[in-house]
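A quick write-up on the structure given underneath.
The values are calculated or read from the model by the stated rules, or taken from the named source; none is laboratory data. Remember, predicted model here, so these are calculated numbers, not experimental data. As a convention, Cβ positions derive from the backbone with ideal geometry for all residues, glycine included, and neighbour counts pool all protein chains shown. The protein model used for the area step is the full one, side chains on, heavy atoms only, and it has no ligands, DNA or RNA in it. Shrake-Rupley method; radii C 1.70, N 1.55, O 1.52, S 1.80 Å.
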Amino acid sequence: MTNANVNAARRAVKAACSLRVRNGYALDRPCDVYELIAKQDVTLQFIEVPSLEGMYLAEPEVTRICVCALRPSGRQRLTAAHELGHRVLGHGTQLDAALELRDSITESSEEESSADLFAHYLLMPPSAVQSGFRSRGYDPTKPTAEQVYIVSGWLGVGFTTLLHHMRLSLGIIGFPQHKQLKGTELKNLRANIIGIETTNDVWILDEHWNGRDLHMQLGDYVTGVTGEGTEGFLKATSAAGQAVFSADRVGMCTAKLNTSGGVKLKTSRRDYRGFYEFRYLEECD
């Protein structure tokens, strides 16, 4: 890596951490990238363009971050953070092709590499990753698949994204652990956690979610809440000896945590297309 590449990488990491702090997100806590974007002078839109992960438009008539509506939720948030990186780092208009369509032989441009680093350190700074595990009594150097799943949900990223970051960027876990955990079948893991087979997201909430917003989609499952005050929004069931709820209606409500405090649940329809400001309006369902 050249000195120029090193300097660009440092600038991206510093920019991500500085943006967090300026907007009230402590470095040892998760960052709600959607709400962070909403605070900037830029609109956020979910679009149906399968050939793209996302885009950043910096034109005289429009400044907008676009995210493909067809991707898994963690991937959408990482893309949103990546596009925000292009904006913060002054890269100008960018179109980012779907991961499946990229040429794995061609090296990423400096701008793409910098935006990737920005996104990873915006959503997963070292202190937040360590806190996610240690505050729950987990050893981050020897995590189980379930622990990685719980912490990745808390950070708002995908299971594999967190694994790669822990191995390649932070050096927390070694290659053997990374390889073993990467082979986890998430459908089976979700079934083991809640006793229900699903390809939708499963959110395991605890006291560390207190005061947070949870961005869900219809059909997602959530545990760790009482269900009180969520009538009409959550549908209760019982599985694996615990109360499990599924998101049953577009909109927002506040759920009480089993421990103490509460979390605001924001539920959109699946694969929502449109502007972020309308994402949780029932009439958009």
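Among the residues of segment 102-116, those that are modelled with pLDDT of 70 or more and out of contact with any strand residue (DSSP E or B) (no Cβ under 8 Å at 6 or more places or on another chain) comprise 109, 110, 113, 114, 116. Within segment 195-215, is even one residue on the phi > 0 side of the Ramachandran plot, open to solvent by less than 30 Å² (accessible area, probe 1.4 Å), touching a residue at least 24 places away in the same chain (Cβ under 8 Å) and not aliphatic (A, V, I, L, M)? Scanning segment 195-215, I find no residue that is on the phi > 0 side of the Ramachandran plot, open to solvent by less than 30 Å² (accessible area, probe 1.4 Å), touching a residue at least 24 places away in the same chain (Cβ under 8 Å) and not aliphatic (A, V, I, L, M), so the answer is no.
Among the residues of segment 226-264, those identified as polar (S, T, N, Q), open to solvent by less than 80 Å² (accessible area, probe 1.4 Å) and closer than 19 Å to residue 190 by Cβ are 237, 242, 246.
Look at residue 8 and say whether it is surrounded by 13 or more Cβ atoms within 10 Å (Cβ to Cβ), touching a Phe, Trp or Tyr at 6+ places or on another chain (Cβ under 7 Å), assigned to a helix (DSSP H, G or I) and small (Gly, Ala, Ser). So residue 8 does not fit the description; no. For segment 155-189, the set of residues classified as closer than 18 Å to residue 199 by Cα, assigned to a loop (DSSP other than H, G, I, E, B), free of Cβ contacts under 8 Å to residues at least 24 places away in the same chain and not charged (D, E, K, R) consists of 183 only. On the basis of being under 17 Å from the mean Cα position of the chain (by Cα), more than 23 Å from residue 29 (Cβ to Cβ), aromatic (Phe, Trp, Tyr) and buried (at least 17 other Cβ atoms within 10 Å of the Cβ), does residue 276 make the cut? No, not satisfied.
With the condition kept exactly as written, say whether any residue in segment 29-37 is among the charged types (D, E, K, R), in a loop (DSSP other than H, G, I, E, B) and surrounded by 15 or more Cβ atoms within 10 Å (Cβ to Cβ).
Yes, some residue in segment 29-37 is among the charged types (D, E, K, R), in a loop (DSSP other than H, G, I, E, B) and surrounded by 15 or more Cβ atoms within 10 Å (Cβ to Cβ).
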